[in-house]
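Undergrad: This is the structure I have questions about; it appears just below.
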Amino acid sequence: MAPENDSLPRILEEIGDCTRCKLHKGRTKLVFGSGNPQTKLVFVGEGPGADEDAQGLPFVGRAGQLLTQMIDGTASKEGIPIQRPDVYICNVVKCRPPENRAPEPDEMQTCGQFLFRQLMAIQPRAICALGSTAAKALLGTKEGVTKLRGKWHKWNGIPLIVTYHPSYLLRAYNVAAKREAWEDLKKVLHYVYD
Ligand code: SF4
């Protein structure tokens, strides 16, 4: 449960120099989240990679550049006047899993409390879950992205769309998935900003 009058600075302060799960051991910098805290749209990824761990910011590596292109490009094509700094971006776990492995259930559960508090504090109009780890953390489902995407879900009463993680889309053979991700993004951007 989130405390009353919760806020992003308060959550960050409470996380502190966190050692609540084993992921802290390999961490260079904790990656809390970035963007507009008053946003109407939050993107949730899996966890920091090497670039994010070094800089302390989410989605700054190759996958991050693709996410920026996807947000800025889709918004501009659709006539929606927003860019990446207008949304908020964070991850299920705040510290980099070793060898970029997926976060384990105990890590997701321990760190997930902070993600839930971030979402409760921001209260966006919609959430976009990037990849199956984010979908699992927010929807408690074991279904893959292919099954979950293309329709609306809800997290705590907030409409939620699931789409592919940008690092999956970077693989050359995922042309069809790329097209589907643009469709998902269009859907959520129009819902939030029309
Ligand atoms: S991943 Fe989350 S719970 Fe684990 S050490 Fe980092 S901040 Fe703490």
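Coordinate-derived values only; no laboratory data. Since the model is a prediction, treat every value here as computed from it, not as a measurement. Heads up, the Cβs are rebuilt from the backbone with ideal geometry, glycines too, and the neighbour counts pull from every protein chain shown.
Undergrad: From the list L57, L66, exactly one residue is in a helix (DSSP H, G or I), out of contact with any Gly (no Cβ under 8 Å at 6 or more places or on another chain), crowded, with 16+ Cβ neighbours inside 10 Å and not acidic (D, E). Which is it?
TA: Just one listed residue meets the conditions, L66.
Undergrad: Go through region 181-194 and give me each residue that's surrounded by 18 or more Cβ atoms within 10 Å (Cβ to Cβ) and free of Cβ contacts under 8 Å to residues at least 60 places away in the same chain.
TA: Result: D184, K187.
Undergrad: May I pose another question? So how many residues does region 1-26 have that are over 16 Å from M108 (Cβ atoms) and buried (at least 17 other Cβ atoms within 10 Å of the Cβ)?
TA: Result for region 1-26: 1.
Undergrad: Which of the numbered conditions does S76 fail, given that it passes all the others? Conditions: (1) of a type outside the set (D, E, K, R); (2) in a helix (DSSP H, G or I); (3) within 13 Å of the ligand (Cβ to nearest atom).
TA: Among (1) of a type outside the set (D, E, K, R); (2) in a helix (DSSP H, G or I); (3) within 13 Å of the ligand (Cβ to nearest atom), S76 violates only (3).
Undergrad: Taking the options K29, K25, K40, name whichever one is over 16 Å from S167 (Cα atoms) and either more than 16 Å from the ligand (Cβ to nearest atom) or of a type in the set (G, A, S) (or both).
TA: Answer to the selection: K40.
Undergrad: Could we say that A50 is away from the ligand (no atom under 13 Å from the Cβ) and out of contact with any helix residue (DSSP H, G or I) (no Cβ under 9 Å at 6 or more places or on another chain) here?
TA: no
Undergrad: Something else now. Would you please name the residue that is farthest from L41 (Cα to Cα), looking only at residues in region 90-128 that are more than 14 Å from the ligand (Cβ to nearest atom) and touching a helix residue (DSSP H, G or I) at 6+ places or on another chain (Cβ under 6 Å)?
TA: If we take residues in region 90-128 being more than 14 Å from the ligand (Cβ to nearest atom) and touching a helix residue (DSSP H, G or I) at 6+ places or on another chain (Cβ under 6 Å), then A121 is farthest from L41 (Cα to Cα).
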